[in-house]
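Student: Below is a structure I'd like to ask you about.
Rule-based calculations on the coordinates, nothing more; no lab input. Being a predicted model, the structure only gives us computed values, none of them experimental.
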């Protein structure tokens with residue numbers, strides 16, 4: 001079965017391939033054998049006729065294998081290069097069905113992209129440095145959507161797990177909310193999935209940035225200042241992004257009590273561990 005990795009949790013020892021077309025044309029094309037026939041036929045309705053040639057599905061003309069679709073190339077990359085991890089964001093439903101039926105292979109994506117025909121997969125747990133098996137669509141979707149932030153500073157350790165689309169962090173002054181925001185903002189410099197906004201962005205076009213982007217983790221501090229009623233309603237119904245909102249007033253975000261948290265701090269060998277606890 002395939003193994004799924006989250007971006008940001010991939011072991012440094014494994015190579016990630018994001019440009020599937022380029023990788024296929026340079027490396028995988030020369031590896032094709034009879035095993036590729038079924039994939040090429042099912043996805044592109046073409047026929048492998050030689051080491052680098054296919055018969056077109058349109059008029060029977062002979063074409064180079066570089067004319068295969070990106071989805072088909074991705075499946076072949078995964079099947080022939082099981083030691084590498086391939087990004088699957090360019091795959092359509094037919095390619096996804098083939099990927100999830102492979103006996104072996106490694107994949108990743110910034111967001112859940114799952115075949116309805118999935119039966120069993122392995123998922124990589126970075127904290128335990130090992131894989132575990134999932135055989136349920138909804139469980140896989142929940143695992144894939146569950147964002148985590150882990151970082152260590154001289155005096156702080158940050159360990160956060162976000163189980164919901166919107167996580168609201170509240171609490172008294174002086175408990176570490178501003179420090180938490182600063183640490184995540186530092187992480188965002190190297191992780192383009194994370195976008196941070198606070199009171200300094202009040203006069204900037206941060207609302208348009210939120211509305212025009214997808215597949216991001218937005219971290220919003222000083223939410224009582226930044227978020228008006230319309231933005232709160234937009235965030236409540238936004239299924240394309242995930243939010244961590246720091247403030248005192250969760251009104252308008254349509255949250256359940258389980259989605260409202262406070263910071264918990266614990267001394268670990270002279271460092272302060274910041275994590276989340278239910279506010280209610």
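Student: Can you compute the helix-only [θ] at 222 nm over the chain? Use -39500 (n - 2.57) per DSSP H run of at least 4 residues, normalise by all residues, nearest 500 deg cm²/dmol.
Tutor: Working: 9 runs with 75 residues, N = 280.
It comes out at -7500 deg cm²/dmol, rounded to the nearest 500.
Student: When a/c reaches 1.5 or more, the comparison of a/b and b/c decides; with that in mind, is the stretch 55-136 rounded, prolate or oblate per its Cα gyration tensor? Before the final figure, lay out the partial values.
Tutor: Working: a/c = 2.69, a/b = 2.11, b/c = 1.27.
Judged from the Cα gyration tensor, the stretch 55-136 comes out prolate (a/c at least 1.5, a/b above b/c).
Student: Treating the angle as unsigned and between 0 and 90°, give the value, to the nearest 10°, between the Cα long axis of helix 177-188 and the longest Cα principal axis of the chain.
Tutor: 20
Student: Mean-square fluctuation check for the chain, GNM, Cα pairs under 10 Å: which of 86, 24, 237 is largest?
Tutor: Of 86, 24, 237, the Gaussian network model singles out 237 as fluctuating most.
Student: Would you kindly calculate the mean projected area, averaged across all directions, of the convex hull enclosing the Cα atoms of the stretch 200-280, in square nanometres? Let's see the in-between values first.
Tutor: Numbers: hull surface 26.4 nm².
The orientation-averaged projected area of the Cα hull of the stretch 200-280 comes to 6.6 nm².
Student: Over the alpha-carbon set of the chain, divide Rg by the Kirkwood Rh and report the Rg/Rh ratio to two decimals. Each step should come with its number before you reach the end.
Tutor: Working: Rg = 22.3 Å, Rh = 21.1 Å.
Result for the chain is an Rg/Rh of 1.06.
Student: For a quick size check, give me the Cα extents of the stretch 147-278 along its three principal axes, largest first, whole Å.
Tutor: Dimensions of the stretch 147-278 along the principal axes of its Cα atoms: 44, 32, 25 Å.
Student: Along its three principal axes, how long is the stretch 2-145 when you only count alpha carbons? Whole Å, largest extent first please.
Tutor: Sorted from largest, the Cα extents of the stretch 2-145 read 50, 30, 22 Å.
Student: How many percent of DSSP beta bridges within the chain run antiparallel, rounded to 5?
Tutor: Values: 25 of 55 bridges.
Once the DSSP bridges in the chain are tallied, antiparallel ones form about 45 percent.
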